Amino acid sequence: MLDDLADLPDLLDTTSRYAASVLTGLPTRPVVRAAPVAPSPLPEAGIGFTGALDLFDRRWAPGFSAAAGPRYLGFVTGGSTPASIAGDWLTSAFDQNPAASDGSSAPDLERETVRWLAALFGLGEEHSGAFVSGATTSNLVGLAVAREWLGEQLGVSVADEGVGALGPVRVHSGAAHSSVSKALSVLGLGRDSLRPVPTLPGREAIDVDRLADELDGTPAIVVANAGTVDTVDFDDLRALVDLRSRKKFWLHVDAAFGGFAALSPRHAHLVDGLAEADSVCVDLHKWLNVPYDSAVQFTRRRDLQLKVFRNAAPYLGQPTDNPDFVHLTPENSRRLRALATWFTLTAYGRDGHRDVVERCTALAHDLGDRIARTPALRLLSPVLLNVVCFTLTHDPTRERVAEAARRIAATGDTFLATTVHKGQPALRAAFSNWRTLPTDVTTVHNALITACTDL
Ligand SMILES: *Cc1c(COP(=O)(O)O)cnc(C)c1O
């Protein structure tokens, strides 16, 4: 180790050249290519950095996917902008722990970056926030604060007394992301507390009138969707905000990637009302294109968040008016995730990131138009933002759609995830990578034709 310390500049140069070759090769790297690797035992004597890099390059790198590249359209993935990679590297170099303020300005960098993100998504000063590892944790934090709010309505403290003090809880949502059920399980509210709200005909957005009927006056939680995963549909947030003035509920908005609609004047109306939400989840390792893992959570009730996550210890001091992050998030020690986001927002600004959103949206529309003209394929929904949801025209069973996905992946040119949309087995192509260009859409469309025409 101490030898490597003496060689540190060379070691980092070598790594930097290696990383640059990986990043340069991304557009031509086969998109998915997991290769089985037999596990090897713990090294007793190390082989030094050069040996480790060499071994990694031979054993593991060949099986790594091009998930950060321009034609990986599975899930909602995103890559990493150049400045965000540099910010991420410096996060490791400085190795700060922004949990508490003592002795470093790192927590203030996180606070500044959270304010920038609030501005990016059209939220005001009343929303405070923190970095967390992903939208799942962001939803978890938002729903934990919601749970504390339910306790407040009943005059009990869930943080102190436990969920038993609440009695049955209802969580209403339309097409909730799977992470919401997971959060409800972790929070002791139970997956069964989730009540599906009917959606509008042909849509994934909730029918607000039906929701109004289901709210009986007992304080409840509503999880609104700003961007569903299959079709990127948006609940009518403005109508939900209006409803909240008549019925008592906590409004949590899962805006994991749909929140980025706020960046584009053409699409910002989709998130009208977001600034009135009680808590908001936005993922950053998706459409902001920063490296894993990164998301932000916002809430208007930091006092309740503090009750849930307060980490009282004599050596940490008491939470103040400007509480340390150790009192606000599930983790205590944590990496300075904000730095990658700080770098990308500083380097490219709102304008640069707006371009990414608008380009991805235009590319999704282009692929949607091409699929609509392809006899073997059938669109399942108009393209609303950045995801194209479609299936096979002929006999689209689960097995045949899965086979189509395998054949598409086997082209090496792209990767799409499968889904079941309103009971129909389907494929999704999600555009969220800053590197994707119009020529990539041609390549993807050709891969779909090759894979699906003779299926
Ligand atoms: C991706 C996603 C999540 C979960 O995000 P992770 O970053 O994987 O934890 C939650 N909600 C929605 C709408 C998503 O798209």
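What the table below lists for this structure:
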| read-out | value |
| --- | --- |
| Residues being assigned to a helix (DSSP H, G or I), in contact with a Ser or Thr (Cβ under 9 Å, 6 or more places away or on another chain) and more than 11 Å from the ligand (Cβ to nearest atom) - total across the range 163-180 | 1 |
| Residues of the range 220-235 satisfying the condition of being in contact with an Asp or Glu (Cβ under 6 Å, 6 or more places away or on another chain), more than 14 Å from D207 (Cβ to Cβ) and either within 9 Å of the ligand (Cβ to nearest atom) or at pLDDT below 95 (or both) | T228 |
| Search result, residues across the range 223-256 that are surrounded by 21 or more Cβ atoms within 10 Å (Cβ to Cβ), over 14 Å from the mean Cα position of the chain (by Cα), of a type outside the set (A, V, I, L, M, F, W, C) and not in a loop (DSSP other than H, G, I, E, B) | H252 |
| Residue count for the range 262-306, restricted to those that are within 21 Å of Q153 (Cβ to Cβ) and free of Cβ contacts under 8 Å to residues at least 12 places away in the same chain | 1 |
| Boolean, V290 is closer than 22 Å to R334 by Cα, touching a Leu at 6+ places or on another chain (Cβ under 8 Å), in a loop (DSSP other than H, G, I, E, B) and within 16 Å of the ligand (Cβ to nearest atom) | yes |
| Unmet requirement for R337, which otherwise passes all of (1) within 21 Å of A118 (Cβ to Cβ); (2) modelled with pLDDT of 95 or more; (3) out of contact with any strand residue (DSSP E or B) (no Cβ under 6 Å at 6 or more places or on another chain) | (3) |
| Number of the exception - D102 against (1) free of Cβ contacts under 8 Å to residues at least 40 places away in the same chain; (2) under 30 Å from R435 (Cα atoms) | (2) |
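Conditions (1) hydrophobic (A, V, I, L, M, F, W, C); (2) in a helix (DSSP H, G or I); (3) closer than 30 Å to F431 by Cβ, marked per residue:
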{"site": "P9", "(1), (2), (3)": "no, yes, no"}
{"site": "R17", "(1), (2), (3)": "no, yes, no"}
{"site": "V37", "(1), (2), (3)": "yes, no, no"}
{"site": "E44", "(1), (2), (3)": "no, no, no"}
{"site": "T50", "(1), (2), (3)": "no, yes, no"}
{"site": "R58", "(1), (2), (3)": "no, yes, no"}
{"site": "A66", "(1), (2), (3)": "yes, no, yes"}
{"site": "F75", "(1), (2), (3)": "yes, no, yes"}
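The values are calculated or read from the model by the stated rules, or taken from the named source; none is laboratory data. Keep in mind that what you see is a predicted model, and the values were worked out from it rather than measured. Glycine also receives a Cβ, built like all others from the backbone with ideal geometry; neighbour counts cover every protein chain displayed.
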